[in-house]
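Input: a single structure, listed below in structure tokens.
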Amino acid sequence: MKKAFVFLAVLFLSFVNAQDKSEKTFKESPLVLKINVVEIFGTLTTPNNLTKRVPVALIISGSGPTDRDGNNPMMKNNSLKMLSEALAKNGIATLRYDK
């Protein structure tokens, strides 16, 4: 039993230590779209190496009180922010906004 506990502890710590510690390969910029009297707040995430044109994906949060990062009052998970960062690391810019 003791050996199993030590094995599981070492296994857990190896996963914790294996997290990605590389530098950011993307840039996040706040964005405000002014349409008549309404302002829409969002975030533009782009790859760092913008030497050429890149595709842009528009990320629209789901129904309910979900913000641009994918969070709502019941649960904070940053799912849309993580999606945006992953796309930027693969050369795709994203625009996500608050509803």
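Say R0 is 41 Å: what FRET efficiency, to the nearest 0.05, do Leu50 and Lys76 get from their beta-carbon distance?
Efficiency, from the Cβ-Cβ distance: 0.85.
Through the Karplus equation 6.51 cos²θ - 1.76 cosθ + 1.60, θ set to phi - 60°, convert the phi angles of segment 67-76 into ³J(HN,Hα) values in whole Hz; use x for Gly and Pro.
8, 5, 8, x, 9, 9, x, 7, 8, 10
Checking the a/c ratio against 1.5 first, then a/b against b/c, what shape does the Cα gyration tensor give for segment 22-97?
Note, shape of segment 22-97 comes out oblate.
Show me, for segment 26-32, the HN-Hα J-couplings you get by feeding each phi into the Karplus relation (A = 6.51, B = -1.76, C = 1.60, θ = phi - 60°), rounded to Hz, glycine and proline as x.
Ordered by residue, 3J(HN,Hα) equals 9, 10, 10, 10, x, 9, 10 Hz.
With an 8 Å cut-off on Cα pairs and a minimum separation of 6 or more residues, tell me the relative contact order of segment 22-97 in percent.
So the answer I get is 36 percent.
How far apart, in nanometres, would the label points at Val38 and Ser63 be if each is projected 7 angstrom from Cα along the Cα-to-Cβ direction?
1.9
Every number in this text was worked out from the coordinates using simple rules, so none of it is lab data. Please read all numbers here as calculations on a predicted model, not as lab measurements. Note that each Cβ is placed from the backbone with ideal geometry, even for glycine, and that neighbours are counted across all protein chains shown.
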